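The values are calculated or read from the model by the stated rules, or taken from the named source; none is laboratory data. It should be emphasised that the depicted structure is a prediction, and the values quoted were computed from it without experimental measurement. Cβ placement follows ideal geometry from the backbone for every residue including glycine, while neighbour counts extend to all protein chains displayed. When the accessible area is computed, the model is the full protein with side chains, heavy atoms only, and any ligands, DNA or RNA have been set aside. Shrake-Rupley method; radii C 1.70, N 1.55, O 1.52, S 1.80 Å.
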Amino acid sequence: MDIIFHDIHSDKPQKQEYLIELKQDMDIVLSGIRPTGNLHLGNYFGAAKNFVKMQYENQCYFFIADYHSLTTHPHPENLQQNVRQILIEYLAMGIDPEAATLYAQSDIPETAELYMFLNMNAYLGELERCTSFKDKVRQQPNNINAGLLTYPTLMAADILIHHADKVPVGKDQEQHLEMTRVFANRFNKMYGVSYFKEPQAYNFNRQLVKIPGLDGSTKMGKSTGNAIFLNDEPAVIRKKVMKAKTDAGPTEMNQQPPQEIENLFTIMKNVCPEDTYQYFREAYNNCTIRYGEMKKQLAEDIITFCAPIKERIDELSKDDAYLLKVRALGAEKARESARKTLREVRQIIGFGNI
Ligand code: TRP
């Protein structure tokens with residue numbers, strides 16, 4: 001695929017040269033995020049930080065999965081607002097729209113066409129057995145729509161449309177990746193081609209810390225009320241951290257902290273300077289720790305950490321022209337690859353020939 005470069009940041013010619021030389025032989029990395037709320041520290045350390053690193057070493061597609069979000073029937077205004085917010089936050093965290101292809105799924109209607117083709121070879125039994133579908137059936141018994149059932153084929157279309165090699169996703173998405181491989185192989189077999197390749201889940205949890213919640217749980221989550229959002233105002237961050245769950249304090253030297261305290265240390269390790277972290281670790285170990293003091297420090301360091309991102313979020317929020325440009329550029333780059341795939345798929349299927 002040819003990479004087209006646009007003049008969004010005309011002051012960065014060296015990087016463009018570097019990219020033109022190297023991008024052709026790179027692995028194709030693709031990941032999507034559903035626009036269901038603001039990004040939090042867990043998203044940053046668990047995913048975005050690596051996206052930023054990967055974007056110069058791979059051919060990356062990062063997209064906002066707004067088709068997927070229709071399964072919950074969002075109000076148009078909320079949908080639009082959420083897509084915009086995720087776009088802003090991806091950019092604020094350092095995704096470079098020139099290096100990576102950053103786009104909204106709904107700007108690539110070819111995805112819907114590939115989804116339809118893949119649905120023809122996806123069987124009710126396998127879709128019903130999918131864990132995420134079974135969970136949804138339990139969670140929203142009054143809205144078990146066909147979009148939920150075929151969520152994995154839409155995800156397969158996202159991935160296969162760009163022939164992705166690596167798909168950075170959490171554990172909960174691995175079954176969808178497995179299904180994508182099944183759909184890809186089935187297509188190949190059905191038409192006697194070796195067209196789609198098998199994408200692999202790319203799990204960087206081993207290199208990166210999973211950020212725990214403030215409530216003692218091991219995972220920070222959007223919907224669980226235990227998250228610090230990159231967009232939170234300092235006062236909100238202070239309030240959340242001061243309310244974080246703690247215990248009555250250590251009673252023995254060098255004892256193993258309970259989960260909720262270990263969680264605070266994990267967050268500290270990521271956002272505080274090393275000596276601050278060590279200071280509180282030692283205070284814990286010799287039973288002199290004061291959680292109030294620790295939380296105050298943690299809150300200030302989280303605020304310091306988030307400040308440049310928050311500043312960028314605020315800046316980008318006022319720059320509609322730039323956001324539109326980014327979105328158009330992403331759509332153009334993604335559509336070039338998607339159109340090519342659909343042209344080839346249509347031909348393989350037998351369309352378009354007299
Ligand atoms: N299902 C993913 C999630 O809920 C989002 C997603 C949609 C996705 N399409 C994708 C992730 C393709 C990776 C690749 O997190």
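All of (1) over 17 Å from Val182 (Cβ atoms); (2) open to solvent by 50 Å² or more (accessible area, probe 1.4 Å); (3) modelled with pLDDT of 95 or more hold for Tyr115 with one exception: (1). Contact annotation: residue pairs with Cβ atoms under 8 Å, 6 or more positions apart or on different chains, pairing a residue in segment 205-220 that is modelled with pLDDT of 60 or more with a partner that is among the basic types (Lys, Arg) and outside any loop (DSSP other than H, G, I, E, B), are Val209/Lys269; Leu214/Lys240.
For (1) within 16 Å of the ligand (Cβ to nearest atom); (2) modelled with pLDDT of 85 or more; (3) β-branched (Val, Ile, Thr); (4) open to solvent by less than 80 Å² (accessible area, probe 1.4 Å), each residue gets a yes or a no:
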residue: Asp7; (1), (2), (3), (4): no, no, no, no
residue: Lys12; (1), (2), (3), (4): no, no, no, yes
residue: Glu21; (1), (2), (3), (4): no, no, no, no
residue: Gln24; (1), (2), (3), (4): no, no, no, no
residue: Val29; (1), (2), (3), (4): yes, yes, yes, yes
residue: Arg34; (1), (2), (3), (4): yes, yes, no, no
residue: Gly37; (1), (2), (3), (4): yes, no, no, yes
residue: Tyr44; (1), (2), (3), (4): yes, yes, no, yes
residue: Ala47; (1), (2), (3), (4): yes, yes, no, yes
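Could you list, in sequence order, the residues of segment 118-150 that are among the β-branched types (Val, Ile, Thr) and open to solvent by 40 Å² or more (accessible area, probe 1.4 Å)?
Of everything in segment 118-150, those that are among the β-branched types (Val, Ile, Thr) and open to solvent by 40 Å² or more (accessible area, probe 1.4 Å) turn out to be Thr131, Val137, Ile144.
Elements of the type helices (runs of 4 or more DSSP H) sitting completely within segment 151-264 and holding at least 1 residues that are within 16 Å of the ligand (Cβ to nearest atom), open to solvent by less than 40 Å² (accessible area, probe 1.4 Å) and touching a helix residue (DSSP H, G or I) at 6+ places or on another chain (Cβ under 9 Å): these cover 151-160, 174-191. Among the residues of segment 49-59, those identified as away from the ligand (no atom under 12 Å from the Cβ) and of a type outside the set (A, V, I, L, M) are Lys49, Asn50, Lys53, Gln55, Tyr56, Glu57, Asn58, Gln59. Cβ separations smaller than 6 Å between residues 6+ apart or across chains give the following pairs from segment 155-180 residues that are without any contact (Cβ under 8 Å) to a residue 60 or more places away in the chain to residues that are open to solvent by 10 Å² or more (accessible area, probe 1.4 Å) and of a type in the set (S, T, N, Q): Gln175/Thr131.
Out of curiosity, is Thr288 free of Cβ contacts under 8 Å to residues at least 12 places away in the same chain and either closer than 30 Å to Leu118 by Cα or part of a loop (DSSP other than H, G, I, E, B) (or both)? Criteria met by Thr288. Within segment 265-279, the set of residues being open to solvent by less than 100 Å² (accessible area, probe 1.4 Å) and not in a loop (DSSP other than H, G, I, E, B) comprises Phe265, Thr266, Ile267, Met268, Asn270, Val271, Glu274, Thr276, Tyr277, Gln278.
Quick one: is Phe63 open to solvent by less than 30 Å² (accessible area, probe 1.4 Å), out of contact with any Gly (no Cβ under 6 Å at 6 or more places or on another chain) and under 21 Å from His162 (Cβ atoms)? So Phe63 does not fit the description; no. In this structure, Phe62 does satisfy being at pLDDT 95 or above, on the phi < 0 side of the Ramachandran plot, in contact with a strand residue (DSSP E or B) (Cβ under 8 Å, 6 or more places away or on another chain) and of a type in the set (A, V, I, L, M, F, W, C).
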